[in-house]
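Undergrad: Could you have a look at this structure, given as structure tokens, before my questions?
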Amino acid sequence: MTTQETDKPRLLLVDDDVTFCNVLKSALEKRNYEVLVANDVKTGISFAERYLPEYAVIDLRIGHESGLELVKTLISLDDNTVCVMLTGFASIATAVEAIKLGATHYLTKPANADEIVNALHKNDGDSSVSISENPLSVKRLEWEHLQKVLMQHDGNISAAARALNMHRRTLQRKLDKKPVRE
């Protein structure tokens, strides 16, 4: 990254999937963004402190770390930073926490560059969003409950496992699985 100033809006992209970052970086640069890429939370925080991006696209799960901490840091540095949380592990609990911490949108993977750019520039909610007629499946309810308990214990898997009266490794295996699609 050069220190040269540009007129392009600066966007911080943080995801542990290097290939995904390279593809998305290229797509966003074609849409006139200056893109900074980090593949871990520590580097993401370092770039955020150094470059103060106007926009951020952050993966929820970065290795074994949570992107929620990065959202919190970005908003504390500049509450005008527009953050979009991107995840393949969507849950109601993490969506609520991301929004409470300052993210403006929460997108599930796979999301393309156009969907991400639209989310970066959509400031208002949509009251016309359709409400599902079907209740969540038992497997999805279990996933949501595990996520809720994990959030209540600040992401501490051992503490969440104790609260759930479950072995830590069992909880870890359940959390490593992708959530059931509805």
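Undergrad: Which pairs do you get when a residue that is among the hydrophobic types (A, V, I, L, M, F, W, C), found in region 100-119, comes within reach of a residue that is part of a loop (DSSP other than H, G, I, E, B), reach meaning Cβ atoms under 7 angstrom, with the pair 6+ apart or on two chains?
TA: Close Cβ pairs satisfying both conditions: 113/31; 117/31.
Undergrad: Shifting gears a bit: Looking only at region 138-172, count how many residues are outside any helix (DSSP H, G or I) and either in the same structural domain as residue 87 (by the TED database) or farther than 21 Å from residue 69 by Cα (or both).
TA: Count: 4.
Undergrad: Which members of region 86-108 meet the condition of being open to solvent by 10 Å² or more (accessible area, probe 1.4 Å) and within 16 Å of residue 15 (Cβ to Cβ)?
TA: If the condition is that a residue be open to solvent by 10 Å² or more (accessible area, probe 1.4 Å) and within 16 Å of residue 15 (Cβ to Cβ), then 88, 89, 90, 105, 106, 107, 108 are the ones that fit.
Undergrad: Answer yes or no: is there a residue in region 18-26 that is in contact with a Cys (Cβ under 8 Å, 6 or more places away or on another chain), among the hydrophobic types (A, V, I, L, M, F, W, C) and touching a residue at least 24 places away in the same chain (Cβ under 8 Å).
TA: no
Undergrad: Being charged (D, E, K, R) and within 17 Å of residue 96 (Cα to Cα) is the filter; apply it to region 143-162 and report the residue that is surrounded by the most Cβ atoms within 10 Å (Cβ to Cβ).
TA: Selected residue: 144.
Undergrad: Taking residue 79 as the residue in question, decide whether it is open to solvent by less than 60 Å² (accessible area, probe 1.4 Å) and either in contact with a Ser or Thr (Cβ under 8 Å, 6 or more places away or on another chain) or not assigned by the TED database to the domain that holds residue 146 (or both).
TA: Taking the combined requirement at face value, the residue does not satisfy it.
Undergrad: Can you tell which of 138, 117 is at pLDDT 85 or above and either β-branched (Val, Ile, Thr) or in contact with a Lys or Arg (Cβ under 8 Å, 6 or more places away or on another chain) (or both)?
TA: Going through 138, 117 in turn, just one is at pLDDT 85 or above and either β-branched (Val, Ile, Thr) or in contact with a Lys or Arg (Cβ under 8 Å, 6 or more places away or on another chain) (or both): 117.
Undergrad: Only one of these is buried (at least 22 other Cβ atoms within 10 Å of the Cβ) and modelled with pLDDT of 95 or more: 44, 67. Name it.
TA: Going through 44, 67 in turn, the sole match is 44.
The values are calculated or read from the model by the stated rules, or taken from the named source; none is laboratory data. Note that the structure is predicted; figures quoted are calculated from it, not measured. When we count neighbours, we look across all protein chains shown, and the Cβ atoms used for this are built from the backbone with ideal geometry, even at glycine. Note: accessible area is taken over every heavy atom of the protein model, side chains too, but ligands, DNA and RNA are not part of it. Shrake-Rupley method; radii C 1.70, N 1.55, O 1.52, S 1.80 Å.
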